[in-house]
1. Kindly provide the pair-distance distribution of the chain built from C-alpha pairs, with 5 Å bins from 0 and whole-percent values in order of increasing distance.
2. If you add up the charges near ARG159, with Lys and Arg at +1 and Asp and Glu at -1, over every other residue whose beta carbon is less than 9 angstrom from its beta carbon, what do you get?
3. Over all directions, the average projected area of the alpha-carbon convex hull for the range 65-116 comes to how many nm²?
4. Can you sort HIS95, HIS80 by solvent-accessible area, 1.4 Å probe, largest first?
5. Note down the accessible area of PHE149, probe 1.4 Å, to the nearest 10 Å².
6. Going through the cross-link list LYS62/LYS142; LYS108/LYS142; LYS108/LYS145, which pairs have a Cα-Cα distance over 20 Å in this structure?
7. For the charge dipole of the chain, defined by +1 on Lys and Arg C-beta atoms and -1 on Asp and Glu C-beta atoms about the Cα centroid, which residue among LEU116, LEU2, CYS154 has the Cα displaced farthest towards the positive pole?
8. Which whole-number percentage describes the relative contact order of the chain, with Cα contacts under 8 Å and a sequence gap of 6 or more?
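The values are calculated or read from the model by the stated rules, or taken from the named source; none is laboratory data. Remember, predicted model here, so these are calculated numbers, not experimental data. Every residue, glycine as well, gets a Cβ built from its backbone with ideal geometry; the counts of neighbours run over all protein chains shown. Ligands, DNA and RNA are excluded from the accessible area calculation, which covers all protein heavy atoms including side chains. Shrake-Rupley method; radii C 1.70, N 1.55, O 1.52, S 1.80 Å.
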Amino acid sequence: DLYFIDITNSAIEYVSNRSHYYFLDQGNLTDLNAFIQTTGGGFDIIIDDGGHTMQQQITSFKALFPCLNSGGIYVIEDLHTSYWREYGGQGTLSHPKATKRSTTEFLKHLVDPLNLIAAKTACADQSKAPKGIEETLAPYEKEIKGIYFASGICFIYKR
C-alpha cells in the first residue's frame, strides 16, 4: 500500500486502490503520532517532499524514521530551503545561509553517530564488532546504516 501525507487534498494527482491519504500538518507531532498509530508504521521508504520548513522536515524525520523497516530508506527533498529565511534558514536567494537549526545541519550531525561503532571498537567492519556494543549506542547510532547527500536531497538508510 501507498500512504500519502499532505496538508490538504488540493495537490492529489495519483489515486489507486492502494492509495491512502492523510491530511495533516507534518510539523505537528500529535498529528504524526496519530498517523503512525493508524497505519502501524512498517514503511519501506518514506519520501519527505512536504512543506520544506526546518521544523516540518526535522519533526517528520524524528517521528517517522523509527517507523521505517530495517533496510528502508528515508528521503528528504528540497534541502536548499535550509538556506532561505522564509523556511527557517538565515539567507536569501542572493546570499543563502543555513542556521544551526536547519535540516542540513541536523543531518550533518547524524554523520558522527554513523561512525561511532568503528570509532569505539577500532573495528571498521561492524559485523565483527564486539557483542553488546550496540546496547551502548543511542538510537541513531545503531539504526543508521548510511547517509548520502546529493544536490537538494538526502537519503538515510536504516540498518
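1. Values per bin, smallest distances first: 2, 8, 16, 19, 18, 15, 11, 7, 3, 1, 0.
2. Values: positive: LYS142, LYS145, LYS158; negative: GLU143.
Residues close to ARG159 contribute a combined charge of +2.
3. Working: hull surface 18.2 nm².
So the mean shadow area of the Cα hull is 4.6 nm².
4. Numbers: HIS95 135, HIS80 75 Å².
I get HIS95, HIS80, largest accessible area first.
5. Roughly 100 Å² of PHE149 is accessible to a 1.4 Å probe.
6. Details: LYS62/LYS142 15 Å; LYS108/LYS142 16 Å; LYS108/LYS145 14 Å.
Cα-Cα > 20 Å for no pair; all within.
7. In the chain, that residue is LEU116.
8. Values: 258 pairs, mean separation 27.7, N = 159.
Here the relative contact order equals 17 percent.
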